[in-house]
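Throughout, read-outs are computed from the coordinates displayed, never taken from laboratory work. On a predicted model such as this, the values are computed, not experimentally measured, just so you know. Cβ placement follows ideal geometry from the backbone for every residue including glycine, while neighbour counts extend to all protein chains displayed.
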Amino acid sequence: MIGVAAYIMVREGKNEEFIKAANDCIAETRKEEGCISYELFADTENTQRYGFFEKWSTKGHLDAHMKTEHFLEFAKQLHGIATEHPDIQIHKISDIEE
């Protein structure tokens, strides 16, 4: 399983525009094969910082997601919304038993 943590800093006054664009992408992404979860979070201390936390069955599913029309459209919209490139961290999730 693959986990993704992606952090985005949004320009002042662009929060609503960001959330709309993100929700459009989220709705389509959750329908994709291999998508286990795809969540958007707002930072509790910095109102301009958001995070996506994702789980994918395989790296191949994640790679396919990054080529979809809805993801590419969202990435294009970020150019006018985000203050910088997203900080994207990709991790392998292992099955750890307690």
For this session: Tell me, yes or no, whether the stretch 40-56 has at least one residue that is over 14 Å from the mean Cα position of the chain (by Cα), assigned to a helix (DSSP H, G or I) and surrounded by 11 or more Cβ atoms within 10 Å (Cβ to Cβ).
Result: no
Seminar exercise, completed: Restricting attention to the stretch 57-87, the residues that are farther than 18 Å from ALA21 by Cβ, out of contact with any Phe, Trp or Tyr (no Cβ under 8 Å at 6 or more places or on another chain) and assigned to a helix (DSSP H, G or I) number exactly 5
Exercise. If the Cβ limit is 6 Å and pairs must be 6+ apart or interchain, which residue in the stretch 48-74 that is hydrophobic (A, V, I, L, M, F, W, C) pairs with which residue that is outside any helix (DSSP H, G or I)?
Worked result: PHE52/ALA6; PHE52/LEU40; PHE53/ALA5; PHE53/GLU39; TRP56/ILE2; TRP56/GLY34; LEU62/ILE2; LEU62/TRP56
Problem set entry | Residue count, the stretch 21-31 (criterion: under 13 Å from the mean Cα position of the chain (by Cα) and free of Cβ contacts under 8 Å to residues at least 40 places away in the same chain) | 4
Problem set entry | Cross-chain or 6+ apart pairs with Cβ under 8 Å, the stretch 75-93 first and surrounded by 12 or more Cβ atoms within 10 Å (Cβ to Cβ), then polar (S, T, N, Q) and outside any strand (DSSP E or B) | THR83/GLN48
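May I ask you to verify whether GLY13 is out of contact with any helix residue (DSSP H, G or I) (no Cβ under 8 Å at 6 or more places or on another chain), surrounded by fewer than 17 Cβ atoms within 10 Å (Cβ to Cβ) and more than 18 Å from GLU84 (Cβ to Cβ)? Walk me through how you get there before you give the answer.
Values: out of contact with any helix residue (DSSP H, G or I) (no Cβ under 8 Å at 6 or more places or on another chain): yes; surrounded by fewer than 17 Cβ atoms within 10 Å (Cβ to Cβ): yes; more than 18 Å from GLU84 (Cβ to Cβ): no.
Against the criterion (out of contact with any helix residue (DSSP H, G or I) (no Cβ under 8 Å at 6 or more places or on another chain), surrounded by fewer than 17 Cβ atoms within 10 Å (Cβ to Cβ) and more than 18 Å from GLU84 (Cβ to Cβ)), GLY13 does not qualify.
For the stretch 57-67, give me each residue that is surrounded by 15 or more Cβ atoms within 10 Å (Cβ to Cβ) and out of contact with any strand residue (DSSP E or B) (no Cβ under 6 Å at 6 or more places or on another chain). Break it down stepwise before answering.
So the first thing to find is which residues in the stretch 57-67 are surrounded by 15 or more Cβ atoms within 10 Å (Cβ to Cβ), and the list is 61-62, 64-65.
HIS61, ALA64, HIS65, listed by residue number.
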Seminar exercise, completed: The number of residues in the stretch 4-30 that are farther than 16 Å from LEU72 by Cα, in a loop (DSSP other than H, G, I, E, B) and of a type outside the set (Gly, Ala, Ser) is 3
Problem set entry | Any hit, the stretch 40-52, residues being of a type outside the set (S, T, N, Q) and out of contact with any strand residue (DSSP E or B) (no Cβ under 7 Å at 6 or more places or on another chain) | yes
